[in-house]
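One structure is given here, and the rest of the page talks about it.
The values are calculated or read from the model by the stated rules, or taken from the named source; none is laboratory data. Predicted model, so just to flag it, every value in this text is computed and none were measured. When we count neighbours, we look across all protein chains shown, and the Cβ atoms used for this are built from the backbone with ideal geometry, even at glycine. For accessibility, only protein heavy atoms count, side chains too; no ligands or nucleic acids. Shrake-Rupley method; radii C 1.70, N 1.55, O 1.52, S 1.80 Å.
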Amino acid sequence: MKTIGYAARDAKTPLAPYAFERRALRDNDVALEILYCGVCHSDLHQSRDDWKEWGPTLYPCVPGHEIIGQVVAVGPKVTRHKVGDAVAVGTIVDSCQQCDQCRRGEQQMCREVPTLTYNGRDRLTCETTHGGYSKHIVVRDEFVLRLPEGLDPSRAGPLLCAGITVYSPLRTWNVGPGSRVGVVGIGGLGHLAVRFAAGLGATVTVITRSAAKAAEAKALGADHVIVSTSDEAMKAGASSLDVIIDTVPVSHDVSPYVALLDVEGVLVIVGNLGPVPAFSSLPLVMGRRRITGSPVGGLPQTQELLDFCARKNILPDCEIVPMQQINEAFTRMDQGDVHYRFVIDMASLTAA
Ligand SMILES: [Zn+2]
Ligand SMILES: [Zn+2]
């Protein structure tokens, strides 16, 4: 299947139009016309080959793993989807499906490494996978999720990576009514963490460096705000939280946040921080507090998130851009100049 997209040709040049082939449908494949694709920080970093520790970027690189589309064709053995269905695809498009992690629905932690939606290798042909900055994609049946009715397709994309990244730890640590949840940072991930935690019935505290963000945090649904640059506010918040979702994307001292955890509280890091400054083990030992991390979620949990958002009418705040403005969007995202997530309207991408 011939299709078009936008690709990075190397680490230095901007993304540009790219014509390529999607594979012919296998028996269990679903072909999608992509309607919208969210813009994730990973897209920018992978395009620029910033993540050498995860392996080099395979060029040309067509990024995009927050995909919303409509089914346009299915293979003969597809059972979950039919032509015309509204569907979604996230960060992975295949896994071994046999290992303990796959069997318990945690395909993102597949022992044989899941196949990434882009910059991955197809399990059968070893061809480079290409993501959602394109008109069409072909994905095996099991990795295509259902977009529930009532969920605005133009805003649902960011749920597939940013959203599930913060929803999964909330579920892992049993957040519900009575839980006291802290969210550090209110960007793409943080603003969703606030809405999800509130939607799950928790009391939500936003921890931010800037007092100016207090009103913004409350508007998102936060009950309380702690300005982390105020020693007084941090002292007053000591031992007051059960779960903290730390969305700060760069290396930082986690000690001040650990101090906000109550006995048996959990600090969850959801970014790839690399080494972090040393912290004292004392509050961990004395209060059985934990510092942990979390990746995206598996397929069942991602579907659960989409259904939860449809039921609760929760969506990210998005700025819709045409495909042709992706390089400007990358620059603005890099500068933190977006509330809170870009989504590409794929109708802007035509053969001309
Ligand atoms: Zn992502
Ligand atoms: Zn597996």
Subject >> Cβ-placed point charges (K, R +1; D, E -1), dipole of the chain about Cα centre in debye, nearest 20 >> reply: 400 debye
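With n ≥ 4 as the cut-off for DSSP H runs, can you work out [θ] at 222 nm for the chain, using -39500 (n - 2.57) per run divided by the number of residues, rounded to the nearest 500?
Helix-only estimate at 222 nm: -6500 deg cm²/dmol.
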Original post:
Whole-Hz Karplus ³J(HN,Hα) for segment 263-277, in order, using 6.51 cos²θ - 1.76 cosθ + 1.60 and θ = phi - 60°, x for Gly and Pro?
Top reply: 3, 6, x, 10, 9, 10, 8, 10, x, 8, 8, x, x, 10, x
Subject >> For Val184, distant residues with modelled amide H under 5 Å away >> reply: Ile207, Ile245, Asp246, Thr247
Original post:
According to a simple spin-label model (label point 7 Å from Cα along Cα-to-Cβ), what is the distance in nm between Ala19 and Glu319?
Top reply: 3.3 nm
Original post:
If you count, for each residue, the other Cβ atoms within 10 Å and average over each peptide, how do 233-242, 25-34 line up from highest to lowest?
Top reply: 25-34, 233-242
Original post:
When DSSP beta bridges are limited to those with both residues in the chain, what percentage is antiparallel, rounded to the nearest 5?
Top reply: 55 percent
Subject >> Spacing of the two label points (7 Å from each Cα toward its C-beta) at Lys77 and Leu124, in nm >> reply: 0.9 nm
**OP:** Show the residues, 5+ positions off or on another chain, whose built amide H is closer than 5 Å to the amide H of Ser228.
**Re:** Thr208, Arg209, Ser210
Subject >> Per-residue HN-Hα couplings for segment 148-161 [Karplus 6.51, -1.76, 1.60; θ = phi - 60°; Hz; x = Gly/Pro] >> reply: x, 4, x, 9, 4, x, 6, 10, 7, x, x, 5, 6, 10
Original post:
Given springs between every Cα pair under 10 Å in a Gaussian network model of the chain, which of Gly293, Gly90, Gly185 has the largest fluctuation?
Top reply: Gly293
**OP:** Quantify how much of the Cα-Cα distance distribution of segment 78-192 extends past 23 Å, in percent.
**Re:** 40 percent
**OP:** For the chain, just run the numbers: alpha carbon Rg, then divide by 2.2 N^0.38 Å, N being how many residues it has.
**Re:** 0.99
Original post:
Given R₀ = 35 Å, FRET efficiency for Val285-Ser251 by Cβ-Cβ distance, to 0.05?
Top reply: 0.90
Subject >> Ranking by accessible area, most exposed first, for Tyr340, Tyr36 with a 1.4 Å probe >> reply: Tyr36, Tyr340
Original post:
Check Glu319: other-chain or 5+ apart residues with amide H under 5 Å from its amide H, H built from backbone geometry?
Top reply: Tyr340, Arg341, Phe342, Val343
Original post:
Quick one: how many Å² of Val113 are accessible to a 1.4 Å probe, rounded to 10?
Top reply: 100 Å²
**OP:** Given a cut-off of 25 Å, name the pairs among Lys213/Lys235; Lys235/Lys312; Lys77/Lys312 whose C-alpha atoms lie farther apart than that in the structure shown.
**Re:** Lys235/Lys312; Lys77/Lys312
Original post:
For segment 278-294, what does the Karplus curve 6.51 cos²θ - 1.76 cosθ + 1.60, with θ = phi - 60°, yield as ³J(HN,Hα) per residue in whole Hz, taken in order and with x for Gly and Pro?
Top reply: 4, 10, 6, 7, 4, x, 5, 5, 5, x, 6, 7, 10, 10, 9, x, 7
Original post:
On the accessible surface of the chain, probed at 1.4 Å, how many percent belong to carbon and sulfur atoms?
Top reply: 53 percent
**OP:** At a 1.4 Å probe radius, which order do Thr128, Thr91 fall into by accessible area, largest first?
**Re:** Thr128, Thr91
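Could you compute how fast segment 175-258 diffuses translationally, taking Rh as the Kirkwood radius over C-alpha pairs and applying Stokes-Einstein at 37 °C with viscosity 0.692 mPa s? Give it in µm² per second. List each step's numbers first, then the result.
On the way: Rh = 12.5 Å.
The Stokes-Einstein estimate is 262 µm²/s.
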Subject >> Per residue convex hull volume, Cα atoms of segment 196-352, in Å³ >> reply: 160 Å³
